[in-house]
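The values are calculated or read from the model by the stated rules, or taken from the named source; none is laboratory data. Everything numeric here is computed off the predicted structure, so don't read it as measured data. All Cβ positions, glycine included, derive from the backbone under ideal geometry; neighbour counts span all protein chains shown. Accessible surface areas use protein heavy atoms only, side chains included; no ligands, DNA or RNA. Shrake-Rupley method; radii C 1.70, N 1.55, O 1.52, S 1.80 Å.
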Amino acid sequence: MSFPFENASNEEKVAKIKAIGSTHPNNLMARHFRADYFGFRDESQQNRLWQIIRTGVENPDSQMGAYAQNSCDYAEFEPLFEPMIRDYHKIPLEQEIRQKHDWAAPLSSFNLVDIDPDLKRVSMRVRVGRNLADFPLPGAMTKAQRLEFETLMIKAFSTLQDDLQFGGEYLSLTPGLPQTIDDETYENRVAAHQMFKNMEGDPYLASGGISSNWPFGRGMYISNSGDFIVWVGEEDHLRIMSMRQGGDLSGLFGRLLTGLEKLGGLIPPFAHSERYGYITSCPTNLGTAMRASLHLFLPKLTEGGHNLEPAKKAAAKFDLSVRGAGGEHSDAGLGGLIDISPSARLGVTETEIMRKLYEGTSALWSLENS
Ligand code: ADP
Ligand code: MG
């Protein structure tokens with residue numbers, strides 16, 4: 001049964017977090033929680049802190065267990081966030097946190113067919129999370145702000161629609177708009193991995209306030225070519241991505257970069273800090289806010305698609321994370337189809353992420369075929 005967070009006293013919450021720390025040592029919020037730091041905040045800061053870590057208290061099996069609610073939270077509550085951030089992104093204490101960006105990846109020639117000619121039709125996806133500095137992060141947005149944000153994006157997309165390379169259409173989930181799509185169209189887009197799942201079914205996002213007011217202010221833009229997609233109103237204000245079948249990773253990155261620059265020129269500035277790079281709701285995404293993933297069939301490492309654990313263990317050696325074929329918190333697909341992506345997003349550059357994906361895939365592929 002979920003913890004009755006709303007009515008619990010501070011002492012009960014602290015006791016609960018300590019208990020989670022021993023039963024769920026991988027919950028990073030509970031692992032690094034310091035009761036004394038909380039104790040010395042004033043009431044308004046304490047309330048904000050509880051809102052940030054609520055997801056990790058209500059969902060003990062969280063990997064991170066915290067969602068920022070405002071762009072300023074990472075700087076203002078650094079003693080809370082920093083140990084979790086260093087732990088997840090594997091940044092040792094003696095190393096300064098300072099995010100650098102480097103988009104040289106599209107200029108190189110990383111192609112999966114150089115690993116194995118059989119990898120010529122892999123489903124590749126690279127996305128970045130972005131949030132506008134002008135709005136609270138999704139966990140703290142009101143319904144009116146979600147709608148205001150969507151309106152702003154619809155305006156930007158109407159300009160992008162005229163672009164030769166990036167022209168496309170906006171599909172909204174907000175009831176009653178000219179762009180609103182019906183349930184069947186929505187489900188088809190989810191099944192095609194283009195649109196995000198109904199967020200109401202995700203307890204982690206619900207506890208963080210991120211799925212509130214669903215489906216208002218939610219939607220997606222998709223280019224006519226189908227390989228450039230922008231999510232509006234998911235875990236971050238925007239998830240901007242390129243998705244293609246093939247092996248040309250450099251081309252995929254190039255497509256994302258061009259689209260990102262075009263769209264960025266049409267909207268107000270993104271929230272960014274010198275230390276943490278692009279600000280995102282989840283501390284796992286800070287820095288580049290980039291997740292580059294491949295859908296790979298690994299029947300041996302998933303025991304025929306029945307068990308993600310051996311694949312996770314093998315992938316961790318190469319700093320890769322494993323998800324099921326339906327995205328986070330899903331199971332392996334038929335025949336052992338899984339999603340692999342470099343785990344670190346902060347303290348690495350965009351180009352390094354692509355290299356890690358390429359090299360990690362090469363290593364995992366040898367294991368699978370050994
Ligand atoms: P993220 O959190 O990085 O945005 P999720 O794990 O929530 O990604 O997955 C979002 C959607 O993207 C899911 O439908 C998932 O199956 C799909 N997806 C992720 N990687 C790929 C890929 N390489 N090819 C096709 N679909 C993908
Ligand atoms: Mg996600």
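Side notes on the structure shown:
- Summed residue charge, Cβ within 11 Å of Ala363's Cβ, Lys/Arg positive, Asp/Glu negative: -1
- Total formal charge among the other residues, if their Cβ is under 12 angstrom from that of Lys143, Lys/Arg +1 and Asp/Glu -1: 0
- Note on the chain: with a GNM built from Cα contacts shorter than 10 Å, the maximum mean-square fluctuation among Glu303, Glu261, Glu94 falls on Glu94.
- Charge tally in the Cβ shell below 11 Å around Phe77, where Lys, Arg are +1 and Asp, Glu are -1, Phe77 excluded: -2
- Residues of segment 98-141 falling in the label zone of Glu76, defined by backbone nitrogen less than 19 Å from a point 7 Å along Cα to beta-carbon, are 131-141.
- For segment 26-73: rounded, prolate or oblate by the Cα gyration tensor [a/c cutoff 1.5]: oblate
- With R₀ fixed at 45 Å, the C-beta to C-beta distance from Asn307 to Thr142 puts the FRET efficiency at about 0.60.
- For the chain, a Gaussian network of Cα nodes joined below 10 Å ranks Glu11, Glu235, Glu200 by mean-square fluctuation, and the top entry is Glu11.
- Divided by 2.2 N^0.38 Å, where N counts the residues, the Cα radius of gyration of segment 120-248 comes to 1.04.
- Taking label points 7 Å from Cα along the Cα-to-Cβ direction, Glu261 and Gln194 give a separation of 2.6 nm.
- Of the solvent-accessible surface of the chain, computed with a 1.4 Å probe over protein heavy atoms with every protein chain present, carbon and sulfur atoms account for 51 percent.
- Note on the chain: helix-only mean residue ellipticity at 222 nm, from DSSP H runs of 4+ residues weighted -39500 (n - 2.57) and normalised by residue number, equals -10500 deg cm²/dmol.
- Where Cys282, Cys72 fall by accessible area, highest first, once all protein chains stay in place (1.4 Å): Cys72, Cys282
- Inter-label distance for Ala104 and Ala19, nm, one decimal - labels placed 7 Å from Cα along Cα-to-Cβ: 5.3
- Ranking Thr185, Thr151 by solvent-accessible area of protein heavy atoms (1.4 Å probe, all protein chains present), from largest to smallest, gives Thr151, Thr185.
- Whichever lysines have a C-alpha closer than 19 Å to that of Lys100, once near sequence neighbours (fewer than 8 apart) are set aside: Lys90, Lys356
- Grouping the Cα pair distances of the chain into 10 Å bins from zero gives a pair-distance distribution of 5, 23, 33, 27, 10, 1, 0 percent in increasing distance order.
- Computed with a 1.4 Å probe over protein heavy atoms only, the accessible surface of the chain comes to 43 Å² per residue.
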